Amino acid sequence: MDLPLKDSLELYRVVYDISRDEFNREIENLDNCFGINEFIEQPVRKLSFGQRVRGDLAASILHNPQL
């Protein structure tokens with residue numbers, strides 16, 4: 001909860017073995033969809049409920065799961 005959203009997403013990058021370039025492209029795509037860059041540097045505990053939900057959605061599709 002004390003980590004910024006960016007660090008949480010970075011942790012998922014390592015867990016899912018996503019390359020740095022692919023991660024940066026995916027963050028850009030997620031920002032286009034959810035507007036996460038406006039709060040990506042804030043600690044998760046300081047995010048509003050809506051921002052937290054957008055961050056959770058971004059984290060859940062970061063690795064491009066099959067739908």
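For the reader, a short list of remarks on this structure follows.
- The fraction of accessible area contributed by carbon and sulfur in the chain is 51 percent, rounded to a whole number (1.4 Å probe; ligands and nucleic acids excluded).
- Of the listed residues Val53, Val14, the order by accessible area with a 1.4 Å probe, largest first, is Val14, Val53.
- Relative to the longest principal axis of the Cα atoms of the chain, the long axis of helix 20-34 makes an angle of roughly 50 degrees.
- Entry for volume of the Cα convex hull per residue in Å³ (calculated from the structure that is shown) out of (1) 83; (2) 98; (3) 62: (1)
- Between the stretch 2-16 and the stretch 24-59, the alpha-carbon center distance in angstrom: 11
- Within a Gaussian network of the chain (alpha carbon springs, distance under 10 Å), most fluctuating of Ile40, Ile27, Ile18: Ile18
- Probe 1.4 Å - accessible area at Asp56, Å² to nearest ten: 100
- Nearest-10 value in Å² for the accessible area of Asp17, using the 1.4 Å probe: 140
- Accessible area per residue for the stretch 2-67, computed on protein heavy atoms with a 1.4 Å probe, is 68 Å².
- With both labels modelled 7 Å from their Cα along Cα-to-Cβ, the Ala59 to Glu22 distance reads 2.1 nm.
The values are calculated or read from the model by the stated rules, or taken from the named source; none is laboratory data. What you are looking at is a predicted structure, and each value in this text was computed from that prediction instead of being measured. Don't worry about glycine lacking a Cβ; one is built from the backbone with ideal geometry, like all the others, and counts go over all protein chains shown. Ligands, DNA and RNA are excluded from the accessible area calculation, which covers all protein heavy atoms including side chains. Shrake-Rupley method; radii C 1.70, N 1.55, O 1.52, S 1.80 Å.
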